[in-house]
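Only one structure is covered here, and it is reproduced in the block below.
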Amino acid sequence: MGDSTGHKHKHLEFTLAAVSELSSSSSVSSSSTPVIARFSADDGVAALRFHQGSEFIDGFNVDLGTSQLFKLGPLQSLCVSESADTNKEKSYSRGVSIRFRNEEESRDFHSAFEQWQMESKGTHLPNGDISVSKSKFDNKIEPSSAKMYFHYYGQLLHQQNMLQDYVRTGTYYAAVIENRVDFTGCVVVDVGAGSGILSLFAAQAGAKHVYAVEASEMADYARKLITGNPTLGQRITVIKGKVEEAELPEKADILISEPMGTLLVNERMLESYIIARDRFLVPNGKMFPSTGRIHMAPFSDEYLFVEIANKALFWQQQNYYGVDLTPLYGSAFQGYFSQPVVDAFDPRLLVCPPMCHVLNFNEIKEEDLYEIDIPLKFTASVGTRVHGLACWFDVLFNGSCFIDSTVQRWLTTAPGAPTTHWYQIRCVLSQPIYVMAGQEITGQLHMIAHNAQSYTIYLTLSAKMWGPGAEQGGIIQTSSCKLDLKEPYYRMSQPQPYTMAQDQQPHQLLQAEDIPPIHTEDLDLEELELLQQPSEPLGAQ
């Protein structure tokens, strides 16, 4: 058998027990002269040829770009090739049966076949690994979105923006350094390494070796940065390619990554993080981070609602250079409300204690992220108009630095906490609903992934009406909206000022059990009418 590192050399040879073509009775065995299977890349075309002695065996050549290899038994495999007729659907017209001398040679042959086949469909990466032209990532993400995505993260100014998010970078650094025992002497894979900063942190914590996998042009900058830190860089290998395609020489003890987007799941990199787990991580290996939580709570913000509604007023002009724009007003109004709002808001705008949806990265399947359905149930702490649902996320780094304790670090994007480059996100209803203190708010947050690396959001919030007839019919007020997480409204202005005295404590959200129920049968007509009147926005005078 030849060199097992065949895909790095021009040729690779295997000695076989026998080879035969299924469509004929011809068979060649190595009883006298050995039968050799030879992988080669002559003229840039990857092929498999068979020869005996110095002569090639006619009719047994295999084009690796149009063939598949199937294992029939421990020592028997079948190589089938596609039909040459490109006008037909994929079909296989010929097959070559291969018999090996032992199981080890069979395994090595299959491994070499796979590597050389990938070479026929793709190109070598700078470090010798192979990038396939069509992968699982390519099948579910449209090319234009992927191109823009990798172009964005391939620029240093955007990497600087993330590095200067000191909440983000500082939390990652603390999570790694405080848990040196998890990294010391271990193999680490940095998924979507970007500038390579997390790989350098892992090396600082004593990692035996770090594989920094990065698909964008930032991989070249990462190499420069890592080369410029030789004490750490000698234990780091940068691999330019997608995690769905890259090949590593060994399994990892730890995965580290920053796969979070707005609302945690935007950009769909969490799926790549899970794929990397399944491909690279040893059983019971650690993931940094290991858990993510999406937090949600209804909010009231008259300023924001009016701001969005006013954007559509342009389309109410009846004489715009002699043109009536009003036929498009309704579409424009709904269009503005289809944008999730990304900004930092005051936590006093929340009208209910939040709930959360947990994603366990150690256990979740990639397919679980294609569609996320979250039932909503809240209890209002105040009487007000609800304008939508506010969302944020946090992730957990669950280390084990000390024998009898666990070092945990949470990276949070919560309102009121130090602001990160993720900010918070709010889904605004075009039709607000009215609630009273102690009233139950129900609904659903349904997110469906799309091939532009984001999600379509369907939000519904409902509350029972108060007043005459509510008890008999359980009259429900419901409001729904559809939003595209890919197209947010970046509203980076400061939170609106509030007239609260400086020594006054912020509004404390009440727990449901602290709120006495309201019995409408005990109220007179005047009081019932007051209950149905809209409240002032929370925090306003």
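The values are calculated or read from the model by the stated rules, or taken from the named source; none is laboratory data. Note that this is a predicted model, so its numbers are computed, not measured. So basically every Cβ, Gly included, is an ideal-geometry build from the backbone, and we count neighbours across all protein chains shown. In case anyone asks, the SASA skips ligands and DNA or RNA and just uses the protein heavy atoms, side chains included. Shrake-Rupley method; radii C 1.70, N 1.55, O 1.52, S 1.80 Å.
Listing for the model above:
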{"quantity": "Condition check for residue 407: open to solvent by 20 Å² or more (accessible area, probe 1.4 Å) and more than 30 Å from residue 315 (Cβ to Cβ)", "calculated": "yes"}
{"quantity": "Test: residue in region 299-311 that is more than 17 Å from residue 432 (Cα to Cα), open to solvent by less than 40 Å² (accessible area, probe 1.4 Å) and not in a helix (DSSP H, G or I)", "calculated": "no"}
{"quantity": "Count - residues of region 198-222 that are among the charged types (D, E, K, R), within 22 Å of residue 271 (Cα to Cα) and open to solvent by 30 Å² or more (accessible area, probe 1.4 Å)", "calculated": "1"}
{"quantity": "Conditions (1) at pLDDT 95 or above; (2) in contact with a strand residue (DSSP E or B) (Cβ under 8 Å, 6 or more places away or on another chain); (3) within 28 Å of residue 167 (Cα to Cα): number failed by residue 387", "calculated": "(3)"}
{"quantity": "Residue list for region 351-365, filter: farther than 20 Å from residue 424 by Cα and either in a loop (DSSP other than H, G, I, E, B) or at pLDDT below 95 (or both)", "calculated": "361, 362, 363, 364, 365"}
{"quantity": "Close pairs from region 207-219: first at negative phi, partner among the polar types (S, T, N, Q) and open to solvent by 10 Å² or more (accessible area, probe 1.4 Å), Cβ under 6 Å, at least 6 apart", "calculated": "211/237"}
{"quantity": "Those residues of region 1-50 which are under 20 Å from residue 75 (Cβ atoms), part of a loop (DSSP other than H, G, I, E, B), among the aliphatic types (A, V, I, L, M) and at pLDDT 70 or above, in sequence order", "calculated": "17, 22"}
{"quantity": "Spans of helices (runs of 4 or more DSSP H) in region 208-294 with at least 1 residues more than 28 Å from residue 147 (Cβ to Cβ)", "calculated": "230-233"}
{"quantity": "Restricting region 333-348 to residues that are over 27 Å from the mean Cα position of the chain (by Cα) and within 15 Å of residue 429 (Cα to Cα), the residue that is surrounded by the fewest Cβ atoms within 10 Å (Cβ to Cβ)", "calculated": "334"}
{"quantity": "Checking residue 330 against (1) assigned to a helix (DSSP H, G or I); (2) farther than 26 Å from residue 355 by Cα; (3) in contact (Cβ under 8 Å) with a residue 12 or more places away in the chain, the condition it does not meet", "calculated": "(3)"}
{"quantity": "Any chance residue 163 is hydrophobic (A, V, I, L, M, F, W, C), open to solvent by 40 Å² or more (accessible area, probe 1.4 Å) and modelled with pLDDT of 95 or more", "calculated": "yes"}
{"quantity": "In region 166-197, the residues that are under 24 Å from residue 283 (Cα atoms), part of a helix (DSSP H, G or I) and open to solvent by 10 Å² or more (accessible area, probe 1.4 Å)", "calculated": "177, 180, 181, 182"}
{"quantity": "Hits in region 451-460 - residues which are at pLDDT below 95, open to solvent by less than 40 Å² (accessible area, probe 1.4 Å) and at negative phi", "calculated": "452"}
{"quantity": "Residue, modelled with the lowest pLDDT, within region 64-122, restricted to residues that are among the β-branched types (Val, Ile, Thr) and within 15 Å of residue 38 (Cα to Cα)", "calculated": "96"}
